[in-house]
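The values are calculated or read from the model by the stated rules, or taken from the named source; none is laboratory data. Model, not experiment: these values are computed from the prediction. Here Cβ is always computed from backbone atoms with ideal geometry, including for glycine, and neighbour counts include all displayed protein chains.
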Amino acid sequence: MNVVEIFNSIDGEGRRQGQLTTFLRLHDCNIRCSYCDTTYSYGPDSDYDTMTVEEVVNRIEAFKNHRITITGGEPLLQEYDVIDLVDTLYERNCYYDINIETNGTIVPSFYRPYVWFTYDYKMPSSLAEEYMDLGIFKVATEADLIKFVVSSENDLDRMHQILADNPTKGQIYVSPVWGAIEGATIVEYMIKHNLQDVRLQLQIHKFIWDPNAKGV
Ligand code: SF4
């Protein structure tokens, strides 16, 4: 596996927000979002180690944390190894709760009861929406999250339209691109359009540390 970093922190967003989580960041990404805060995870100049699945499992286990987030870059570019990793973790200890943060371009080819997905559907302002696979709305289960990161009312309109056109069992989250749109604007939009199934989230790591720091 090509690994950028493995570290312990709190989950900054999603349904485990604020809870201790071990992060595994895998190398490379298949798109280039306009607002990317993890540019160091891809490209020829990025720094990464090639490790065996066994070595990655050992590093993760040392943190003694049952919440794991596998992120990137785009982790499903290494899907074969990711499947091996989650199965090995679970065989070692069935207490693991594993979130895979994926960018919405790839429909996963596997299902495991101890794995759930956060699909980050890219909005027009990302300049990457053309690469999204709408199949993610069909495969998402009640355990999965579909996240919209918005910069503008135009993005909110697009989110509204996508949700109307693509019924899903996934939980819907919306969050602002830091500094681009006010949380209050999103709330006003949710009220105006009565978005009962949408939950606003603010990335708390941006409040705790440097807002321009790398994402978790
Ligand atoms: S998918 Fe994530 S890592 Fe890839 S360019 Fe977009 S924000 Fe950056």
Notebook entry, point to check: Is there any pair linking a residue in the stretch 22-41 that is among the aliphatic types (A, V, I, L, M) to one that is more than 6 Å from the ligand (Cβ to nearest atom) and assigned to a strand (DSSP E or B), with Cβ under 6 Å and at least six apart or on different chains, and which?
Noted result: 24/6; 24/70
Next item on the list: Kindly provide the set of residues from the stretch 103-149 that are β-branched (Val, Ile, Thr) and within 15 Å of the chain's Cα centre (by Cα), ordered by number.
Entry: 105, 106, 107, 115, 118, 136, 146, 149
Next item on the list: Please verify whether the stretch 48-67 includes one or more residues that are modelled with pLDDT of 95 or more, within 16 Å of the ligand (Cβ to nearest atom), surrounded by 16 or more Cβ atoms within 10 Å (Cβ to Cβ) and under 16 Å from the mean Cα position of the chain (by Cα).
Entry: no
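Restricting the search to the stretch 117-166, which residues are of a type in the set (Gly, Ala, Ser), away from the ligand (no atom under 16 Å from the Cβ) and outside any loop (DSSP other than H, G, I, E, B)?
Step one: filter the stretch 117-166 for residues of a type in the set (Gly, Ala, Ser), giving 125-126, 128, 135, 140, 143, 151-152, 164.
Then drop every residue that is not away from the ligand (no atom under 16 Å from the Cβ), which leaves 135, 140, 143, 152, 164.
Result: 135, 164.
Tell me which residues, restricted to the stretch 122-139, are touching a residue at least 60 places away in the same chain (Cβ under 8 Å) and aliphatic (A, V, I, L, M).
Residues of the stretch 122-139 that are touching a residue at least 60 places away in the same chain (Cβ under 8 Å), as a first pass: 122, 125-128, 131.
Answer for the stretch 122-139, where residues must be touching a residue at least 60 places away in the same chain (Cβ under 8 Å) and aliphatic (A, V, I, L, M): 127, 128.
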Note to self: List the residue pairs whose Cβ atoms are under 7 Å apart, where the first residue sits in the stretch 98-118 and is free of Cβ contacts under 8 Å to residues at least 60 places away in the same chain and under 17 Å from residue 15 (Cα atoms), the second is of a type in the set (Ser, Thr, Tyr) and more than 16 Å from the ligand (Cβ to nearest atom), and the two are 6 or more positions apart or on different chains.
What the structure shows: 98/114; 114/90; 114/96
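Scan the stretch 77-92 and give yes if some residue there is within 13 Å of the ligand (Cβ to nearest atom) and not in a loop (DSSP other than H, G, I, E, B), otherwise no.
Taking the stretch 77-92 as the starting set, the residues that turn out to be within 13 Å of the ligand (Cβ to nearest atom) are 77.
Among the residues that remain, those that are also not in a loop (DSSP other than H, G, I, E, B) are: 77.
Yes - at least one qualifying residue is present in the stretch 77-92.
Can you say whether residue 25 is of a type in the set (Lys, Arg), within 13 Å of the ligand (Cβ to nearest atom) and out of contact with any strand residue (DSSP E or B) (no Cβ under 8 Å at 6 or more places or on another chain), as far as the supplied structure shows? So that I can check it myself, show each step before the final result.
Numbers: of a type in the set (Lys, Arg): yes; within 13 Å of the ligand (Cβ to nearest atom): yes; out of contact with any strand residue (DSSP E or B) (no Cβ under 8 Å at 6 or more places or on another chain): no.
For residue 25, the condition - of a type in the set (Lys, Arg), within 13 Å of the ligand (Cβ to nearest atom) and out of contact with any strand residue (DSSP E or B) (no Cβ under 8 Å at 6 or more places or on another chain) - is not met.
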